[in-house]
Amino acid sequence: MSPSIGIIGDGFGAAAFVLHLSQHAPEYLDNLIIFGTGTLGSGAAYACATPDYKLNVRSDLMRLWPDNPSHFTAWAKQYLDDDDAHHPAGAFYQRRDFARYVSACLADLPQKITQISEHVIQARALTDSADTRWQVETEHGARYQCDHLILATGNPKPIWPCSVHLPDDDKRLIQSVWKGDWQTSVGSGEDVNIIGGGLTAMDVIYALFQAGHKGQIKVITPNGMLPPVQMPWTVKPAFNWPECRTACDVVRAARSILGPDWTQISWQESFEALRIGLNDVYQGLSGNERRRLMRHFGGWWMLTRFRCGPHTHAAASALQKAGQLQVLSGRALSLDEHKANIQLTLSGGAALISDKVINCTGPAGDALLSSMLARGLLQPSSSGRGISVSALLACYRPDKSPWQSLSAIGSMTGGSLGDIVAASSIARQASIVAQRLA
Ligand SMILES: Cc1cc2nc3c(=O)[nH]c(=O)nc-3n(C[C@H](O)[C@H](O)[C@H](O)COP(=O)(O)OP(=O)(O)OC[C@H]3O[C@@H](n4cnc5c(N)ncnc54)[C@H](O)[C@@H]3O)c2cc1C
């Protein structure tokens, strides 16, 4: 009989694992359970109702099958009627349509996948041995056991990055916009302060622009900049990384190929060529050097790595030109009542008043992973971010040897393995775990 597999999380990572497992050991799908309350494959990124949220990368980079980069593009050409997606930099489809694509791939499976629509609050090893069985407990107290457990919990909903002296249910505060269901709660003439200036802020700016928003918009972000835009770049051969032992070696090598102007197509081409081997270079660094790299280089990396789609960039530029959008450098300290409005106080003391405040900071901490770390079932990565995993995605035991029966897929492995955020990196991980278990 095939081993039983449990997956905690029902997002893109879980769906990619199911699809890759169907290629390598289809019979295992009969004995697989997925835990999560959403539609399998949608997760935090693609479970959005609005047409205003587009993919941040062009369609050929949204790879469910690493060996078949044109799979999504071919599906989109056949099933989507979205002229607005097309741009000289590529086709940037709606995120909700990517969820439809993943669902369509799952619908082709002969088996029906078992999903328990509950949140998992606890996971525990049934013995101390490396190949132990696992028990998970859901929020309603139900317990399930499996031979192999996969953590695919992804991106926990953002929380406010500052103290909030207002009621939890205050309608003027929008804590998370990922679902794309907040637009009707912002009046057309209202002034809006946005905390965070990354890709989520760009989604919000684009949605406001599309709605013909008339009020003032302020974006508050530590570096005072919005992300650069995706260029019409073509894939170049991988950068030939020299041996890098230190964070300085990595930065020096990167500088040797990157020019000064990130608005050039050639700059993004060089950057993408660098990225191909970067995770191997990162994994070759000691924990100390990884931390140094992130400390000195992390902010720059976050800014240059996460480029926005051309539609969102054009909307932000138009609003800035019209004097309706301002980008301010600062960190949010607190949110307070100010007459009928909200006062956002920045760490430098500046006070910004608006009708609505929208939180566009990144994912929060993961309660389940924290609890497993606290009980020694997982080990922290040596870089201090996320959990420690092997190159084959096995999690580590308290004695630092790998569990044979506990794996992880997704961004929580980034501290160990490098840049693991994009759908294509997560699909590659899903394929590795599926092949290892088959
Ligand atoms: C808003 C947003 C937009 C993005 N856009 C892009 C893009 O355009 N292109 C790209 O390549 N990447 C994008 N990404 C990156 C994205 O992280 C990956 O593409 C991918 O979707 C992540 O999949 P995942 O399964 O690891 O995580 P998630 O999509 O976060 O899925 C995890 C799922 O597990 C569930 N879950 C979590 N904990 C538990 C628990 N304890 N019990 C049960 N269920 C649980 C969650 O509710 C969620 O549904 C985006 C990310 C976000 C947040």
Completion exercise
Computed, not fitted: 222 nm per-residue ellipticity of the chain from DSSP H runs ≥ 4 (each -39500 (n - 2.57)), nearest 500, equal to -10000 deg cm²/dmol
Handout entry: Dipole magnitude of the chain, debye to nearest 20 (Cβ charges: Lys/Arg +1, Asp/Glu -1, about Cα centre)
Key = 960 debye
Problem - Long-range HN-HN contacts of Gln122 with modeled amide H, under 5 Å - result: Glu137
Exercise for the section: Rounded to the nearest Å, what's the spacing between the alpha carbon centres of the range 96-159 and the range 5-59? Just the number, please. Expected result: 10 Å
Handout entry: the range 316-438, relative contact order [Cα under 8 Å, separation at least 6], %
Key = 13 percent
Handout entry: Sites matching GluC sites (Glu not before Pro) across the range 77-154 that sit in DSSP coil, with at most 14 neighbouring C-beta atoms within 10 Å
Key = Glu139
Handout entry: Sparse-neighbour loop sites [trypsin sites (Lys or Arg not before Pro); the range 161-244; at most 10 other C-beta within 10 Å; DSSP]
Key = Lys171
Handout entry: the range 357-413 and the range 266-337: distance between their alpha carbon centers, rounded to Å
Key = 23 Å
Fill in the blank from the handout: So, with points 7 Å from each Cα along the Cβ direction, the Asp181-Ile159 label distance in nm works out to 2.2 nm
Practice task
Could you pull out which residues in the range 248-277 have an amide N less than 12 Å from a spot 7 Å beyond the Cα of Asn223, following the Cα-Cβ vector?
Solution key: 262
Practice task
With label points built 7 Å along Cα→Cβ from the Cα atoms of Lys171 and Thr246, find their separation and express it in nm.
Solution key: 5.8 nm
Handout entry: Label-point separation in nm, Thr263 to His119, each point 7 Å along Cα→Cβ
Key = 4.4 nm
Exercise for the section: Name the residues whose placed amide hydrogens come within less than 5 Å of the amide hydrogen of Cys308, ignoring near sequence neighbours (fewer than 5 apart) on the same chain. Expected result: Val229, Gln230
Handout entry: 24 Å Cα-Cα threshold exceeded, pairs from Lys157/Lys218; Lys54/Lys112; Lys54/Lys77; Lys179/Lys339
Key = Lys54/Lys112; Lys179/Lys339
Handout entry: FRET efficiency, Lys339 to Asp83 (Cβ-Cβ, R0 45 Å, nearest 0.05)
Key = 0.50
Practice task
Subtract the Cα-Cα distance of Ala322 and Glu137 from 0.36 nm times their separation in residues, and report this length gain in nm to one decimal.
Solution key: 61.3 nm
Problem - Net charge dipole size for the range 247-305 [Lys, Arg +1 and Asp, Glu -1 on Cβ; Debye, nearest 20] - result: 320 debye
Exercise for the section: In Å and from the alpha-carbon atoms only, list the Rg and Dmax of the chain. Expected result: 22.1, 66
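Here, each number is a calculation from the coordinates, and none is a lab measurement. Predicted, not measured: the structure shown is a model, and the values here were computed from it. Cβ coordinates were reconstructed from backbone atoms using ideal geometry, including for glycine residues, and neighbour counts include every protein chain displayed.
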